[in-house]
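*Asks:* Okay, here's the structure, questions in a sec.
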């Protein structure tokens, strides 16, 4: 397996560092528009693991917005797999470039949605991933696999859904992804400061788009942002966090392969973050349409959302000043294989102190990066195989979760996941 | 009197329109960096009042940031008075240009403050107007007058303070400016939308700077933003509005000429606006320091606050979609001239429907513009005279308030003001 990793931002950097401890691949080409970022990642691997490990990594400059460039870099390095680790707006070009180069493809976020033109808070328009699923026959005909949504959420959450359907439930009422954290960032003086732990650009996209819900009878439909607020009790000391409906890939992926009456995604944004997002929307600062702004060099045109992102610290840099844990999980309700009503929360927790010490990577970013590496390893060993455009729930969940939880000393990733029984 | 009006934004435009109904001056030169804005104002006057009135108005291009340009335009038109109607950051250059040209000067906001370098929320640093008052001997020596802070607040509020001291009170415990409104802006569909009714740039400056308070024993001191919240009951149907301490010129002006034990300014921002300002600060979007932002033309440098201002509608343009009233007033507590404890609220209310119909100017902007025109008329007739740098309370309040309230048919401005007795 020869992997072209596109993007050496927070998640791309962590993917390379996690892969550095594994031996299922021949080469990882770490590529970025700014090649110095790719070089920094490989330098870290060399410093940490030595020249032999670093020899399985190369760097490349890439323009992810140009399918021809993506294909060309993939061909140059004879890539068998293209791993997309940049912002979702680059999905179409990387997706096309990989297919053109005859490589398999993985991403952690799917092609973007467009709201319904007249009724955005009731009906879906172009849905997340629609552009990718529309090309499934091309991928299938080429004998190639596009494994989409293979981060933590979407990704691990979808693996949990398949596991619950195969092993825990005879009938599923609801698959409800619930994501929450108790992360705190402090400034030099020790005061708590507001810094999103994930790309604010992507967070705005997710949270201000109309949330999508799937129901067996109604199909996919939308609601206004921040709908159906609930306080969810997260495990391992995180505690209660206010969660709201958010547009997320799982709702588009799970119903394609897993039987359930309802699929939802709720994000534990917390009150402060919800207020920040509402205010940005109120002021039009979430907009991606450039506006004219005065500057010392005369009038310029910038998108307000890009300014918001630029004004905040890069989430990849806040790890050293952050404490706490993040939890990714799936609440499943329905009837157990024993015929009894059942409610379980399947989850994985990532602790920032540990990820910083082991990987110099903050926990939200690291938890996202872990899952595509496991998936790549299963594809390399042949335990997972497929063609066309597929979600994580199209594959058997058992070998994924087994490899993930198996201790490092036994050749696994040493990352336990849990099933918490919440049945009344 | 020949007036160089610097700035044809909302307030400058309204000053010219109000002046067009008066005959105390020979010429008003409406100037702006964008001369088409000045032309629009004069075109409106011509359409509304005819060629004879418009003949007393001229237009000019001006760079308000350059004192030499301001002086040169003032000399070219033989201006006797320079009326500053642009953002307070241009105060130093217009102030210097007027003195160099041998003209008297008026403004509606004073030179900006700088917070105390180490203890900003307790001690003052450079205070509002300090730079201007430091030059009073120059103005005095030149025999010229700089009348500073002569809008509505500061301006009318300071006139009220002098009036209360001269006519209503023997001893004043507190001069408390209280400003509030019940303005609502709707979009085309009739839904309420968030649009500040005054320059967001200036509002951020006022509201996020440490509020300043004056006390007889302590002198000037500061507090954290949004301190001492109170719900103030505004008259004429506006009702209760949450008010907080805000840095404002009155607190710096009133103690120089009026005896009082305490001087405060509280702004009826309302909960939503306070939340918006807090959030902008939390995200660093109030900053005036340029940051690097990507754009379609490559990286550019813009100040986040300029982006916030550019993303919102120009407050001068929202008049047609706005309803409600704004109230500027001064709550005075102390001992009446009769020796009995007394509490009165002196105020003036401006109704948007009326200002739009009469002047095509929204009410907050129009109310600001009214007062410098009255002051210019008193200076033209010689009822007010002075030299050096003076605030409105340095002049006799009675002729101002009389001319303001006198019916239009009798040669006044037809703008009644009120004294509401709130004594227990």
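*Asks:* Would you mind putting A:162-171, B:156-165 in packing order, based on average other-beta-carbon counts within 10 Å, highest first?
*Replies:* Details: A:162-171: 18.6, B:156-165: 27.6.
For the peptides A:162-171, B:156-165, the packing ranking is B:156-165, A:162-171.
*Asks:* Going highest first, how would you order A:278-288, A:176-186, B:81-91 by mean Cβ packing within 10 Å?
*Replies:* Numbers: A:278-288: 19.7, A:176-186: 21.8, B:81-91: 24.4.
So the peptides A:278-288, A:176-186, B:81-91, ranked by packing, come out B:81-91, A:176-186, A:278-288.
*Asks:* Under the classification rounded if a/c is under 1.5, otherwise prolate if a/b is larger than b/c and oblate if not, where does region B:41-155 fall, given a ≥ b ≥ c as square roots of the Cα gyration tensor eigenvalues? All intermediate terms of the calculation are to be shown ahead of the outcome.
*Replies:* Working: a/c = 2.49, a/b = 1.78, b/c = 1.40.
The shape class here is prolate.
*Asks:* Need the full-extension length gain, residue A:221 to residue A:398, defined as separation in residues times 0.36 nm minus the C-alpha distance. One decimal, nm.
*Replies:* Numbers: separation 177, 0.36 × 177 = 63.72 nm, distance 3.12 nm.
Contour length minus Cα-Cα distance gives 60.6 nm.
*Asks:* Going by the alpha-carbon gyration tensor, a ≥ b ≥ c the square roots of its eigenvalues, is chain A rounded (a/c under 1.5) or, if a/c is not under 1.5, prolate (a/b greater than b/c) versus oblate?
*Replies:* Details: a/c = 1.23, a/b = 1.06, b/c = 1.17.
Rounded shape, in that the Cα axes give a/c under 1.5.
*Asks:* Additional query: Å³ per residue of the Cα convex hull, for the protein assembly as shown? Intermediate results must be reported in sequence, preceding the final value.
*Replies:* Details: hull volume 162.7 nm³, N = 848.
Cα-based convex hull of the protein assembly as shown, divided per residue, equals 192 Å³.
*Asks:* One-quarter of the Cα convex hull surface for region B:269-424, in nm²? The partial results should precede the final answer.
*Replies:* Working: hull surface 61.1 nm².
Averaged projected hull area, Cα only: 15.3 nm².
*Asks:* Can you tell me the length gained on complete extension of the stretch residue B:385 to residue B:194, counting 0.36 nm per residue apart and subtracting the Cα distance? Let's see the in-between values first.
*Replies:* On the way: separation 191, 0.36 × 191 = 68.76 nm, distance 4.25 nm.
Result for the pair: 64.5 nm of gain on full extension.
*Asks:* Right, something else. Taking each residue in B:190-197, count the Cβ atoms of any other chain within 10 Å of its Cβ, then average. What number comes out? Write out the running numbers ahead of the final one.
*Replies:* Working: counts 0, 0, 0, 2, 5, 2, 1, 0.
Whole-number average of other-chain Cβ neighbours for B:190-197 is 1.
*Asks:* Beta carbons within 10 angstrom, averaged per residue: use that to sort the peptides B:358-370, B:42-54, B:250-262, A:339-351, highest first. Please list the in-between numbers first.
*Replies:* Working: B:358-370: 24.6, B:42-54: 14.5, B:250-262: 21.7, A:339-351: 18.8.
So the order, starting with the most tightly packed, is B:358-370, B:250-262, A:339-351, B:42-54.
*Asks:* In peptide A:271-281, what is the residue-averaged number of other protein chain Cβ atoms found within 10 Å of each Cβ? Don't skip to the answer; put the middle values down first.
*Replies:* Values: counts 0, 2, 0, 0, 5, 6, 1, 3, 11, 6, 1.
Taking the mean over all residues of the peptide, I get 3.
*Asks:* Okay, next question. For the modelled label position 7 Å from the Cα of residue B:184 along Cα-to-Cβ, which residues of region B:235-254 have backbone nitrogen atoms closer than 18 Å?
*Replies:* So the set is B:235-242.
*Asks:* Here's another thing I want to ask about it. Enter the Cα centre distance for the pair region B:294-372 and region B:388-424, rounded to the nearest angstrom.
*Replies:* 19
*Asks:* Also, quick follow-up: So for the pair residue A:166, residue A:24, with labels modelled 7 Å out along Cα→Cβ, what separation do we get in nm?
*Replies:* 1.4
*Asks:* If you count, for every residue in A:291-299, the Cβ atoms of partner chains within 10 Å of its Cβ, what is the mean? If you can, show how the numbers build up before the last one.
*Replies:* Working: counts 3, 1, 12, 6, 8, 5, 4, 1, 3.
Taking the mean over all residues of the peptide, I get 5.
*Asks:* Right, another one. Measuring from a point 7 Å out along Cα→Cβ, what nm distances, shortest first, does residue B:21 have to its partners in the other copies?
*Replies:* 7.8
*Asks:* Rounded, prolate or oblate: which fits region A:156-364, taking a ≥ b ≥ c as square roots of the Cα gyration tensor eigenvalues, rounded meaning a/c under 1.5, else prolate when a/b beats b/c? Don't skip to the end; give the middle numbers.
*Replies:* Values: a/c = 2.57, a/b = 1.51, b/c = 1.70.
Oblate is the answer for region A:156-364, as a/c is 1.5 or above yet b/c matches or exceeds a/b.
*Asks:* Hey, for a label at residue B:118 modelled as a point 7 Å past Cα toward Cβ, could you say which residues of region B:213-251 have their backbone N under 20 Å away?
*Replies:* Flagged as within label range: B:220-224.
*Asks:* Further question: Using 0.36 nm per residue of separation minus the Cα-Cα distance, give me the extension gain between residue B:48 and residue B:289 in nm, one decimal.
*Replies:* Numbers: separation 241, 0.36 × 241 = 86.76 nm, distance 4.27 nm.
Contour length minus Cα-Cα distance gives 82.5 nm.
*Asks:* 222 nm [θ] for chain A, helices only, -39500 (n - 2.57) per DSSP H run of 4+, per residue, to 500? Walk me through the intermediate numbers first.
*Replies:* Values: 15 runs with 142 residues, N = 424.
So the calculated ellipticity at 222 nm is -9500 deg cm²/dmol.
*Asks:* Please work out, to two decimal places, the log10 of the ratio I(q)/I(0) at q = 0.16, 0.20, 0.22 Å⁻¹ from a Debye calculation in which every Cα of region B:138-216 carries one identical scatterer.
*Replies:* Cα-only, vacuum Debye calculation for region B:138-216: -0.93, -1.13, -1.19.
Read-outs: derived from the displayed coordinates by stated rules, not from any lab. The structure displayed is predicted, hence computed values, not measured ones. Ideal geometry is used to build each Cβ from the backbone, glycine not excepted, and the neighbour counts take in all protein chains shown.
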